[in-house]
Amino acid sequence: MPNWDVIVAGAGQAGCAAAWDLAAGGARVLLLHGGPERPKPCAGGLTIKALRRYRFPLDAVIRERVDRVAMSRSGEPPVTAGAAAPFCVMTHRRELDALCREQARARGAGWHVTAGVRAVRQDHQGVTLISAEGETLRATWLIAADGAHSPVRRALQGQPPAAPAMALEGHLPRERARRYPPMTLDFQEVPGGYGWLFPKGDHINVGLYVWRRDRARLAREHLADYARRTLGSDALEEVGGYPLGTWLARRPPRCGRVLFVGDAAGSTEPLLGEGIYGALVSGQLAAGALLAGRPRDYPLLLADWGEELRQVERITRIFYGVPALGYAALSRWLAPTLLAGYAEGLTLGGTKRAWRSLKGRRHLLGSPGA
């Protein structure tokens, strides 16, 4: 007999979102956490659409509210674009995760620390997990929120293909920087990607992103050089790299009694590598499907986000495939509209659809008659 209705393997953003909703819905849910923290590249910028997905306030972990961004390409003078309202808030991922875990546990989710999952078995009654410590955990359903390298997916389906996206980041203490920058995106800092500077109050998050890891190798030396050139110091702390899952449109998010969410499902947006929104959406939809007794519906519920990612991937190929043209269009014409859409809580696809209508164009541009 299963000990739990649902086990959630992974206590990041996707896992905590699923666990909170499951506990709120009365399910017996156990949240598995991998123990001591290790840095995971996450710039910590939450778009307004992501901010609105949370079931509880994040005020305690919001460090900055952003309504302007500086952009450049290949050393060109920066261009600044803005919106009438904040389109993003800055958090520190460790603080954000800690808050979400605390909220999930307070809502009623069980908590278990393990070094990892050694084996996963399914039968007609449920799922059995064998932990790295040799413990046996049993549930009716399993939500795999264990990242792009997903040990659960590997246990069930073998080694997945290499994740196409990659990020590398570090934190520069504010007192070591020669300036405190605005939110900054430096396109073509790496081929097929960009560098970022995200202000966080007592430090600056410095990172590199490439949407296909076979296009460029991200190295610590490059990250240190980028920090020196932009901020005057390479005294980076907590440097780490991690693959990002961007394959949702190409791989099923369910395998028997296992539902994949977050990076394990490949729900990250490929253009800029935004992963938290997809993590929240997939985690909450998985929980909703289980609470409704309709787990088979989960792939259908997630199909809209999968289609959004498919469309964004086409834009990504063009943007990074012809970078001079892509950046010119973004910096000269598109940025104000995109930022206005983000400030409204729209996705990239939603902003595009709003732009197609005259009323939407007037609203996003703030013209008379909107």
ask   = How large is ³J(HN,Hα) for each residue in the stretch 45-61, as worked out from phi by the Karplus curve 6.51 cos²θ - 1.76 cosθ + 1.60 (θ = phi - 60°), to whole Hz, x for Gly and Pro?
value = x, 9, 5, 4, 4, 5, 4, 6, 7, 6, 8, 8, x, 10, 3, 5, 10
message = Along the charge dipole of the chain, pointing to its positive end and built from +1/-1 on Cβ of Lys, Arg, Asp and Glu, which listed residue (295, 283, 137) has its Cα farthest out?
response = 295
ask   = FRET efficiency for residue 76 and residue 98, Cβ-Cβ distance as r, R0 = 30 Å, nearest 0.05?
value = 0.15
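Quick one: length gained pulling residue 133 to residue 334 fully straight, 0.36 nm per residue minus the C-alpha distance?
On the way: separation 201, 0.36 × 201 = 72.36 nm, distance 5.21 nm.
Value of the extension gain: 67.2 nm.
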key: Unpartnered cysteines - no second Cys beta carbon under 4.7 Å - across the chain   = 42, 88, 255
remark   = Checked the stretch 1-148 against the a/c 1.5 cut and the a/b vs b/c comparison, axes a ≥ b ≥ c from its Cα gyration tensor; verdict prolate
Fully extended contour minus Cα-Cα distance, from residue 112 to residue 297, at 0.36 nm per residue = 63.8 nm
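Answer rounded, prolate or oblate for the stretch 222-297, using the Cα gyration tensor with square roots of eigenvalues a ≥ b ≥ c: rounded when a/c is under 1.5, else prolate when a/b is larger than b/c, else oblate.
Values: a/c = 3.66, a/b = 3.14, b/c = 1.16.
Taking the square roots of the gyration eigenvalues as a ≥ b ≥ c, the stretch 222-297 is prolate.
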With at most 12 other Cβ atoms within 10 Å, longest stretch of the chain clear of loop GluC sites (Glu not before Pro) (DSSP) = 136-370
key: Relative contact order (%) - the stretch 85-142, alpha-carbon pairs under 8 angstrom, separation at least six   = 20
note = Whole-Å distance linking the alpha carbon centroid of the stretch 73-123 with that of the stretch 252-288 is 13
task = Could you run the Karplus curve 6.51 cos²θ - 1.76 cosθ + 1.60 with θ = phi - 60° over the stretch 179-192 and give me ³J(HN,Hα) per residue in whole Hz, x for Gly and Pro?
result = 8, 9, x, x, 3, 9, 10, 10, 6, 6, 4, 10, x, x
message = Using the basic label-point model (7 angstrom from Cα toward the beta carbon), what is the residue 353 to residue 222 distance in nanometres?
response = 3.6
ask   = Could you give me the ³J(HN,Hα) list for the stretch 78-93, computed from phi with Karplus coefficients 6.51, -1.76, 1.60 and θ = phi - 60°, whole Hz, x at Gly and Pro?
value = x, 10, 10, 10, x, 9, 6, 9, x, 10, 7, 10, 9, 10, 9, 4
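Helix-only mean residue ellipticity at 222 nm, the chain, DSSP H runs n ≥ 4 weighted -39,500 (n - 2.57), per residue, nearest 500. What is it? It would help to have the intermediate numbers written out before the result.
Details: 12 runs with 122 residues, N = 370.
Rounded to the nearest 500, the figure is -9500 deg cm²/dmol.
How much of the accessible area of the stretch 104-155, probe 1.4 Å, is carbon plus sulfur, in whole percent? Show your work: numbers first, answer last.
Numbers: 1120 of 2360 Å².
For the stretch 104-155, the apolar C and S fraction of the accessible surface comes to 48 percent.
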Candidates 228, 68, 213, ranked by Gaussian network fluctuation over the chain, Cα under 10 Å, top entry = 228
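If the chain between residue 52 and residue 237 were fully stretched, how many nm would it gain, using 0.36 nm times the residue separation less the Cα-Cα distance?
Working: separation 185, 0.36 × 185 = 66.60 nm, distance 3.06 nm.
Contour length minus Cα-Cα distance gives 63.5 nm.
Quantify, in whole percent, the carbon and sulfur part of the accessible surface of the stretch 215-288 (1.4 Å probe; protein heavy atoms only). All intermediate terms of the calculation are to be shown ahead of the outcome.
Numbers: 1150 of 2390 Å².
About 48 percent, which is the carbon plus sulfur part of the accessible surface.
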query = Can you work out the FRET efficiency for the pair residue 3 and residue 154, with r the C-beta to C-beta distance and R0 = 25 Å, to the nearest 0.05?
reply = 0.55
Shape category assigned to the chain from the gyration tensor of Cα positions, a/c cut at 1.5 = prolate
message = Under the rule of at least 5 residues apart or a separate chain, name every residue whose amide H is placed under 5 Å from the amide H of residue 55.
response = none
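The values are calculated or read from the model by the stated rules, or taken from the named source; none is laboratory data. Note that this is a predicted model, so its numbers are computed, not measured. Positions of Cβ are backbone-derived with ideal geometry, glycine not excepted, and every protein chain shown enters the neighbour counts. Ligands, DNA and RNA are excluded from the accessible area calculation, which covers all protein heavy atoms including side chains. Shrake-Rupley method; radii C 1.70, N 1.55, O 1.52, S 1.80 Å.
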